[in-house]
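Worksheet: one structure, shown below.
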Amino acid sequence: MRLLITGASGLFGSKFAEIAATKKYEVYAGYLRDRPSCGVPIQFDVSDKNQVDMAFKKISPDVVVHAAALTDVDKCELNKKLAWKINVEATKNIVEAAKRSYSFLVCISSDYVFNGKTGFYRETDRPDPINYYGFTKLSAEGLVKNLREYCIVRASVIYGSTPAAGKINFVLWLFNKLKRNEQLNVVTDQWNSPTLNTNMAEMTMEIIERKLAGTFHLSGATRINRYDFAKLVAQTFKLDSDLIRPITSAKCSWFANRPRDSSLDTAKAQEVLENSKPLPINQALERMKQELTPFM
Ligand SMILES: NC(=O)c1ccc[n+]([C@@H]2O[C@H](COP(=O)([O-])OP(=O)(O)OC[C@H]3O[C@@H](n4cnc5c(N)ncnc54)[C@H](OP(=O)(O)O)[C@@H]3O)[C@@H](O)[C@H]2O)c1
């Protein structure tokens, strides 16, 4: 199987490429600035139609996992043109190329397609984004649905044991701060379903191996607010949780609105997947601890 991953230098894509490379697949790792360390690196700009077409011509992929995106929620709000170009126009390029090469397309999407009023969203619930990032992700989903063979994978607050795409994720940020005995503020009024990239990558692997179509919520299994999540991280790594101070999001100078509760219901994945399931938060953090142990 020839597998093309876009965003293979990112938080999800780098872990997915790492796992895919251990299998008997030809893995092509798409990137723009940060050269991926797993798979055959292929540099192209997903928002440039010619570059996308050339990459597809060269690889002729059986499966494409499209994870490249502009994921900075505030940047998307501030630079809507750029957000549309990278999250929507690029997906259009990928969809059209996938159609021509008869590739099975897995598109990575987000819990931010929901408005966050109720939480614990199922795949069948109506999206209603409240910020521009969520709007672009929903628009991209709409394009993907024009294909005959596709899967949309939604996740929520992805974290992992390695920095990726030149930045660290929430858990690593927290871990580094607590290790240095620094105080930090974390919001109490935002709920998500934090997703360990390793768990998400393994579940996505099953999606492509079984060619499961439709929409799947492949997040972690636990709905939790950021503050409690942070406390749990401190407990797991035996760090001082008193350094974590509760605040409300009203105190944050974010530019974009955030959904209050964008947690995802993973019942469908729990039922359909056979090899790996959405992990409860304690198990996921223990897994991350194992991954980090050699470096601690
Ligand atoms: N992070 C989260 O908490 C979260 C939550 C829910 C859903 N998601 C979704 O999950 C997917 C993966 O997110 P992530 O956090 O793993 O991403 P990330 O770490 O922010 O990395 C973004 C990736 O996109 C690539 N990229 C950006 N612009 C590109 C362009 N014009 N052409 C080619 N590649 C480009 C980057 O490549 P270079 O680094 O090489 O430039 C990088 O590999 C995205 O679809 C995101 O919307 C993320």
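The values are calculated or read from the model by the stated rules, or taken from the named source; none is laboratory data. Bear in mind that the values here come from a model prediction, so they are computed numbers and not experimental data. FYI the Cβ positions are ideal-geometry reconstructions off the backbone, even for glycines, and counts take in every protein chain you see. Side chains are part of the model used for accessible areas, which takes the heavy atoms of the whole protein and leaves out ligands, DNA and RNA. Shrake-Rupley method; radii C 1.70, N 1.55, O 1.52, S 1.80 Å.
When the residues of the stretch 280-296 are filtered to those that are in a helix (DSSP H, G or I) and hydrophobic (A, V, I, L, M, F, W, C), the one that is modelled with the lowest pLDDT is Phe295. For the stretch 155-170, taking the residues that are hydrophobic (A, V, I, L, M, F, W, C) and in contact with a Leu (Cβ under 8 Å, 6 or more places away or on another chain), the one that is nearest to Ser253 (Cα to Cα) is identified as Ile158.
On the given criteria, is Thr124 of a type in the set (S, T, N, Q), more than 10 Å from the ligand (Cβ to nearest atom) and under 13 Å from the mean Cα position of the chain (by Cα)? Here the answer is no, as Thr124 does not meet what is asked. Checked against (1) within 13 Å of the ligand (Cβ to nearest atom); (2) at pLDDT 95 or above, Ile168 passes all but condition (2).
Restricting the stretch 235-279 to residues that are without any contact (Cβ under 8 Å) to a residue 40 or more places away in the chain and outside any helix (DSSP H, G or I), the residue that is most open to solvent (accessible area, probe 1.4 Å) is Lys238. Those residues that are farther than 23 Å from Lys75 by Cα and aliphatic (A, V, I, L, M), I need them from the stretch 125-147; list them, please. Within the stretch 125-147, Val144, Leu147 qualify. Given Phe114, Phe104, which one is among the hydrophobic types (A, V, I, L, M, F, W, C), touching a residue at least 60 places away in the same chain (Cβ under 8 Å), away from the ligand (no atom under 14 Å from the Cβ) and over 15 Å from Phe255 (Cβ atoms)? Phe104 is the lone residue from the list that is among the hydrophobic types (A, V, I, L, M, F, W, C), touching a residue at least 60 places away in the same chain (Cβ under 8 Å), away from the ligand (no atom under 14 Å from the Cβ) and over 15 Å from Phe255 (Cβ atoms).
Considering Asp53, Asp48, the condition of being over 17 Å from Val153 (Cβ atoms) and within 13 Å of the ligand (Cβ to nearest atom) is satisfied by Asp48 alone. Quick check on the stretch 281-294. Is at least one of its residues more than 23 Å from the chain's Cα centre (by Cα) and without any contact (Cβ under 8 Å) to a residue 60 or more places away in the chain? Taking every residue of the stretch 281-294 in turn, at least one turns out to be more than 23 Å from the chain's Cα centre (by Cα) and without any contact (Cβ under 8 Å) to a residue 60 or more places away in the chain. Of all residues in the stretch 125-165, those that are charged (D, E, K, R) and at pLDDT below 95 total 2.
Selection within the stretch 57-77: residues that are away from the ligand (no atom under 14 Å from the Cβ) and assigned to a loop (DSSP other than H, G, I, E, B). The member of this set that is surrounded by the fewest Cβ atoms within 10 Å (Cβ to Cβ) is Ser60. Residues that are within 7 Å of the ligand (Cβ to nearest atom) and part of a loop (DSSP other than H, G, I, E, B) within the stretch 9-42 comprise Ser9, Gly10, Leu32, Arg33, Asp34, listed in sequence order.
For (1) within 19 Å of Met288 (Cβ to Cβ); (2) not basic (Lys, Arg), each residue gets a yes or a no:
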| position | (1), (2) |
| --- | --- |
| Pro194 | yes, yes |
| Ile208 | no, yes |
| Ala221 | yes, yes |
| Ala230 | yes, yes |
| Lys238 | yes, no |
| Leu243 | no, yes |
| Trp254 | no, yes |
| Ser262 | no, yes |
| Lys268 | no, no |
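Remark: pairs (first residue in the stretch 210-234, open to solvent by 30 Å² or more (accessible area, probe 1.4 Å); second residue in a helix (DSSP H, G or I); Cβ separation under 6 Å; 6+ apart in sequence or on different chains) = Thr222/Ile281; Lys231/Ser241. I want to confirm something. Restricting to the stretch 78-101 and keeping residues that are under 19 Å from the mean Cα position of the chain (by Cα) and under 19 Å from Ala17 (Cβ atoms), which single residue is nearest to the ligand (Cβ to nearest atom)? For the stretch 78-101, the residue satisfying everything is Ala90. Working only within the stretch 18-77, note down all residues that are within 21 Å of Leu138 (Cα to Cα), under 16 Å from the mean Cα position of the chain (by Cα) and of a type outside the set (A, V, I, L, M, F, W, C). Across the stretch 18-77, the qualifying residues are His66, Thr71, Asp72.
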